[in-house]
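Undergrad: Would you mind keeping the following structure in view while I ask a few things?
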Amino acid sequence: MATDFSKGTVSKNIISQAVPLILAQVVQMLYNVVDRIYIGHLSSSDSLALTGIGLAFPLTTLIMAFTQLFGMGGAPLFSMAMGAGEEARAEKIMGNTFSMLLRCSLVLAVFCYCFRRPVLFLFGASEASYVYADAYLKIYLFGTTFSMISAGMNGFINAQGFPGIGMYTTMIGAVLNLVLDPVFIFVLHMGVSGAAVATVISQSVSALWVMRFLTGQRAIFRIRKRYLRVEPRLLLRIVSLGLSGFVMSATTCFVQVLCNATLRDCGGDLYVGIMTVINSIREVLTLPVQGFVNGSQPVLSYDYGAGRLERVRRGIRFTSMIGIGYTALAWLSVILFARFWLSIFTDNAEMLDIGRGALKLYFLGFCFMAFQFCGQTTFLALGRSRQAIFFSMLRKVIIVTPLTIVLPRIGLGVNGVFLAEPISNVIGGCACFGTMYLQVYRRLDVRADGPSL
């Protein structure tokens, strides 16, 4: 039976949804950052190995964008078909999604492998850092299909009512990667290449886990050969639903490329490596607030659909209060313990010394990120995806892009790249939250229709 979010306190409902989501995302985060932690402490490569890993970030983000295009588009459509009792259509949607993920992954892998040198230089590589980036990427690309299948098809496991199986998909890969990384990097002395091998093996095991379930007897709806043929009309519906996730990831990829290329030109490989570390720290510190606001989304959606509008207002207030409070504390921790955060990912003395100033600049006004997260989550929860996409593009493309180009060229140098982020957080966050407050929050009817926070 589905949970009735119209009962109990709004805060308790949100917390009950957010806690397991945060725990799952912690596991996913370990999957993403463990390579950087191990590589950052290699003694033989200075900062270039970490820089090489960082140059692959935009490509992994682009791969995730295409994964979301089909996976995030297919899963909700699949759920709708299940709810309507259309079993054949549900399996057809799943089969078409699988076919597109498979085809797209092969095209991406072959294209990026054949053109990896120009692609990496476009992403900000130099002749020195290219050696490490190429060593990582040419192996990592062999796992593209595994990565896209495991991430893109896992939603179909959750949609069938098996969240535990879906959680294991992430946990198996993350734990295996955590164990294999030091073996291949340090024991077998494979360095950057070892990190890539460990990642590919972990991704392949996760993909096999997903496929074994979705083709096995335990699954309610299974991948069947007769439904693998792609139907254009169905594909159009899948893509239309997955477009928002694709746009958000694609714009992130674009910004990463621009930042790396600008830092290479203005400061060299060292600063590209510093940005890799800063992005890793940001990933760690934003995870709790992202998990929390994402956990609030189904609660807000349920209460909104049930017409319990005062509960929606309470949910927005509670989510905003926790989000802003947490990001303010995270910002304070960066100011007070900047060297500690950097030392998690590197022990290079030069990177630690220069990185402290860059980290503090980048996190300036970090609490405004909560305004962005809370505003976008509210828009999505209430079915206003266009506004969510617009404000994501406003911050990443319309504000960050020109600032990243202009600020370094008006005398700020590399500091201009690091300042572009906090400026965009303030402007974009305030614009997103302010619009949400005026167009959504204030227009919700006020009723005494349930328990208070």
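Undergrad: Grab the helices (runs of 4 or more DSSP H) fully contained in the range 319-401, keeping just those with 1 or more residues being modelled with pLDDT of 90 or more and open to solvent by 10 Å² or more (accessible area, probe 1.4 Å). Steps first, please.
TA: Working: elements: 338-343, 349-362, 368-381, 385-393.
It comes to 338-343, 349-362, 368-381.
Undergrad: Here is a follow-up. Please pick out the residue among 137, 120 that is open to solvent by less than 30 Å² (accessible area, probe 1.4 Å), at pLDDT 85 or above, within 26 Å of residue 270 (Cβ to Cβ) and in contact with an Asp or Glu (Cβ under 7 Å, 6 or more places away or on another chain). Let's see the steps before the verdict.
TA: On the way: 137 fails: in contact with an Asp or Glu (Cβ under 7 Å, 6 or more places away or on another chain).
Checking each option against the conditions leaves just 120.
Undergrad: Among the listed residues 47, 129, which satisfies the condition of being open to solvent by less than 10 Å² (accessible area, probe 1.4 Å), modelled with pLDDT under 90, within 24 Å of residue 350 (Cα to Cα) and among the hydroxyl-bearing types (Ser, Thr, Tyr)?
TA: Numbers: 47 fails: open to solvent by less than 10 Å² (accessible area, probe 1.4 Å).
Being open to solvent by less than 10 Å² (accessible area, probe 1.4 Å), modelled with pLDDT under 90, within 24 Å of residue 350 (Cα to Cα) and among the hydroxyl-bearing types (Ser, Thr, Tyr) holds for just one of 47, 129, which is 129.
Undergrad: Quick one: in the range 231-262, of everything that is of a type in the set (Ser, Thr, Tyr) and more than 19 Å from residue 124 (Cβ to Cβ), which residue is surrounded by the most Cβ atoms within 10 Å (Cβ to Cβ)? Please lay out each step first, then the result.
TA: Of the residues in the range 231-262, the ones of a type in the set (Ser, Thr, Tyr) are 240, 244, 249, 251-252, 262.
Add one more test, that the residue is more than 19 Å from residue 124 (Cβ to Cβ), and what stays is 240, 244.
Working: 240: 11, 244: 19.
Out of the qualifying residues, it is 244.
Undergrad: Under 21 Å from residue 65 (Cβ atoms), among the β-branched types (Val, Ile, Thr) and at pLDDT 90 or above - does that describe any residue in the range 194-204?
TA: yes
Undergrad: For the range 130-183, enumerate the residues that are under 23 Å from residue 56 (Cα atoms) and aromatic (Phe, Trp, Tyr).
TA: Passing the criteria: 130, 132, 136, 140, 142, 146.
Undergrad: If you don't mind, another one. So which of 165, 149 ends up being surrounded by 23 or more Cβ atoms within 10 Å (Cβ to Cβ) and of a type in the set (Val, Ile, Thr)?
TA: On the way: 165 fails: surrounded by 23 or more Cβ atoms within 10 Å (Cβ to Cβ).
Answer to the selection: 149.
Undergrad: Next up: Kindly provide the set of residues from the range 86-106 that are among the aliphatic types (A, V, I, L, M) and farther than 10 Å from residue 229 by Cα, ordered by number.
TA: Here is the first cut: in the range 86-106, the residues among the aliphatic types (A, V, I, L, M) are 88, 90, 93-94, 100-102, 106.
Once the filter is applied, which keeps residues that are among the aliphatic types (A, V, I, L, M) and farther than 10 Å from residue 229 by Cα, the range 86-106 yields 88, 90, 93, 94, 101, 102, 106.
Undergrad: Tally the residues that are open to solvent by less than 60 Å² (accessible area, probe 1.4 Å) and either within 18 Å of residue 433 (Cα to Cα) or at pLDDT below 85 (or both), restricting the search to the range 303-318.
TA: Here is the first cut: in the range 303-318, the ones open to solvent by less than 60 Å² (accessible area, probe 1.4 Å) are 303, 306-307, 309-316, 318.
Checking which are either within 18 Å of residue 433 (Cα to Cα) or at pLDDT below 85 (or both) leaves us with 303, 306-307, 312-316, 318.
The number of residues fulfilling the criteria is 9.
The values are calculated or read from the model by the stated rules, or taken from the named source; none is laboratory data. As the structure is a prediction and not an experimental result, all values here were calculated from the model. Because the Cβ atoms are built from the backbone with ideal geometry, glycine has one as well, and the counts that use them run over all protein chains shown. Just the protein is used for accessible areas: all its heavy atoms, side chains included, with ligands, DNA and RNA removed. Shrake-Rupley method; radii C 1.70, N 1.55, O 1.52, S 1.80 Å.
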